[in-house]
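First comes the structure, then the notes that go with it.
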């Protein structure tokens, strides 16, 4: 039995999210929540909400014990890129890519 939560189109680069996901992979949920609360990274705010959502899904939809949950899988994929233009000298234009992420968190119960 597993509980999952997904965050689509998060306005943060997948590369930045992956750094934080590596910290919480295969950790108990209480520990993962503490890590997300005290890590000064931009992705932590979104991931904390996502972890809370996955825990609520586990408790309410699958009748799992919240105290025995751990982060079984967590991964991030690249979403669509928002392409923007930055004016530069002599009439040129540089492109700015604003990347988005699709983040997935899967929780399982320890036996």
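Just so it is clear, none of the values below were taken in a lab; they were calculated from the coordinates. On a predicted model such as this, the values are computed, not experimentally measured, just so you know. A quick note on method: Cβ atoms are made from the backbone with ideal geometry, for glycine too, and the neighbour counts reach across all protein chains shown.
Could you tell me which numbered condition residue 63 fails, if it satisfies all but one of (1) at positive phi; (2) in contact with a helix residue (DSSP H, G or I) (Cβ under 7 Å, 6 or more places away or on another chain)? Condition not satisfied by residue 63: (2). Counting only strands (runs of 3 or more DSSP E) that sit wholly inside region 15-104, those with at least 1 residues that are closer than 12 Å to residue 3 by Cβ are 69-78.
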